[in-house]
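S.K.: Quick one: the structure is below, questions incoming.
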Amino acid sequence: MVEGTRRFRVAAAYSDVRAALDYLKTNSVDIILLDIEMPGIDGITALPDVIAAGKGAKVLIVSSAAEQGAAVTVQALALGAADTLVKPGIGAFGGRFAEVLEERLSRLLEAHVHPVPEPVLPAHAEPAAVAHHPHYQFPVQAPDNFDLVAIGASTGGIHALSQLLRAIPASFRVPILVTQHLPVSFMSYFATQLAVLGGRPCEVATDRMRIRPGRIIVAPGDAHMRVVRMSDGAAIRLTHEKASSGCMPSVDPMFESVAEVFGARALGVVLSGMGRDGCEGAKDLIDAGAKVLAQDRASSVVWGMPGAVANAGRVSAILPPDEIGRLIARGGGGA
């Protein structure tokens, strides 16, 4: 199927992970297709070594185990897989698998094929300490006195989230909201994973859920997560309107409502993801006096969402996810 496309060719194919790792010692590829159920070392166990050996190659998990296994899929994404795809079976994709495969492969190379214009330095940024990025320089100051962290992510975002959360100590009390593009069936396991990674309770949002210190709340897969002001704090409202990004859930409504309720005492974060979701909401946050942090291109699976925010000049800093986590930990206060 790969050879049948005009854009891609197979460099090598192995049924054994060790042979593939030996090949990658002396050869470079753009994308690695990895099964989970294989003789010898399984794909999940091998994934970290495959990512390291790939030297920047995107890893696409193609496995029948991904069909109904939210646990397997989320685990693979948390370990650094760029995406997952169900291996073709009876009725899978209605015979369209080759087309779907080519589409996924093309998406993973999207950020590298299209040149990204140099970001505009935000007018609100102050000439403070400078973080040295491979291509850009942005002022970086630990944001302070924020009462809420709102994070938006998509493709590649689960791995970035895991790195970010690991850098934040369990003693951190500021509530964290997460909108991650995932199917509804994955959300319960995703929340469980984030609770382990973040060392704090994590729940899938329900309508009118109160936002409390020391907790993570994730948007359900079938509704936008908005924030509303209450007499004794803030709460979640779930809505289903069409978002400008076309995503459900969308980062934009979350950012927009957070800006309305928390104003300058909010912090927005945009992690790896395809498209522009979060860019309009980032403007609302910046206009309200809040800070917005974006993941850097080098560590992103797809620099679509963070790149859109950066190019629009709506960021306070561009950093790898672990550095974003450390910055959040240093500046958190007020909740």
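S.K.: Can you compute the radius of gyration and Dmax for the chain, using only the Cα atoms, both in Å?
M.R.: 19.9, 63
S.K.: Run the reach check for Lys25 against aspartates and glutamates, Cα to Cα strictly under 17 Å, same-chain hits fewer than 8 apart removed. What comes back?
M.R.: Asp16, Asp49
S.K.: Still on this structure, I have one more. Would you grab the residues whose amide H sits under 5 Å from the one on Trp303? Only those 5+ places off in sequence or on another chain, please, with H modelled 1.01 Å from N.
M.R.: Ala111
S.K.: Whenever you get a sec, compute what percent of the accessible area on the stretch 135-287 sits on carbon and sulfur atoms (1.4 Å probe).
M.R.: Of the solvent-accessible surface of the stretch 135-287, carbon and sulfur hold 49 percent.
S.K.: Output the 0 to 90 degree angle, nearest 10, between the alpha-carbon long axis of helix 17-26 and the longest principal axis computed from the alpha carbons of the chain.
M.R.: 80 degrees
S.K.: Once you put a point 7 Å from the Cα of Ala12 and another 7 Å from the Cα of Ala298, both along the Cβ direction, what distance in nm separates them?
M.R.: Going from the Ala12 label point to the Ala298 one covers 2.7 nm.
S.K.: Regarding the stretch 244-289, what are the three Cα extents along the principal axes, ordered largest first, in Å?
M.R.: Sorted from largest, the Cα extents of the stretch 244-289 read 27, 17, 13 Å.
S.K.: Helix 321-331 versus the longest principal axis of the chain: what angle, 0 to 90°, nearest 10, using Cα atoms?
M.R.: On a 0 to 90 degree scale, this one is about 20.
S.K.: Describe numerically, in nm with one decimal, the distance between label points set 7 Å from Cα along Cα→Cβ at Ala264 and at Val228.
M.R.: Roughly 2.8 nm, to one decimal.
S.K.: Any idea what angle helix 97-113 forms with the longest principal axis of the chain, computed on alpha-carbon atoms, 0 to 90 degrees, nearest 10?
M.R.: Tilt of helix 97-113: around 60 degrees.
S.K.: Whole-Hz Karplus ³J(HN,Hα) for the stretch 213-230, in order, using 6.51 cos²θ - 1.76 cosθ + 1.60 and θ = phi - 60°, x for Gly and Pro?
M.R.: Per residue, the Karplus-derived 3J(HN,Hα) values read x, x, 10, 10, 10, 10, 5, x, x, 10, 7, 7, 9, 9, 10, 10, 7, 10 Hz.
S.K.: Rounded to the nearest 0.05, what FRET efficiency is calculated for Arg173 and Asp207 with R0 set to 30 Å and r the Cβ-Cβ distance?
M.R.: The pair Arg173/Asp207 has a calculated efficiency of 0.75.
S.K.: Would you list which lysines come within 17 Å of Lys291, measuring only between C-alpha atoms, while excluding same-chain residues fewer than 8 positions from it?
M.R.: Leaving aside lysines fewer than 8 places away in the same chain, those within reach of Lys291 are Lys283.
S.K.: Classify the stretch 245-335: rounded, prolate or oblate, from the alpha-carbon gyration tensor (a ≥ b ≥ c, eigenvalue square roots; a/c under 1.5 rounded; otherwise prolate if a/b is larger than b/c)?
M.R.: oblate
S.K.: Which value in nm describes the separation of the simple spin-label points at Lys242 and Glu103, placed 7 Å from the Cα toward the beta carbon?
M.R.: For the pair Lys242/Glu103, the computed spacing is 1.9 nm.
S.K.: Right, next: Kindly provide the helix-only [θ] at 222 nm of the chain, computed as the sum of -39,500 (n - 2.57) over DSSP H runs of four or more divided by all residues, to the nearest 500 deg cm²/dmol?
M.R.: Result for the chain: -10000 deg cm²/dmol, rounded to the nearest 500.
S.K.: For the chain, report the accessible area per residue in Å² (1.4 Å probe, heavy atoms, rounded to an integer).
M.R.: 45 Å²
The values are calculated or read from the model by the stated rules, or taken from the named source; none is laboratory data. Here the structure is a predicted model, which is why all the values come from computation and not from measurement. Note that we place each Cβ from the backbone using ideal geometry, even for glycine, and neighbour counts take in every protein chain shown. Surface areas here come from the heavy atoms of the whole protein model, side chains and all, with no ligands, DNA or RNA. Shrake-Rupley method; radii C 1.70, N 1.55, O 1.52, S 1.80 Å.
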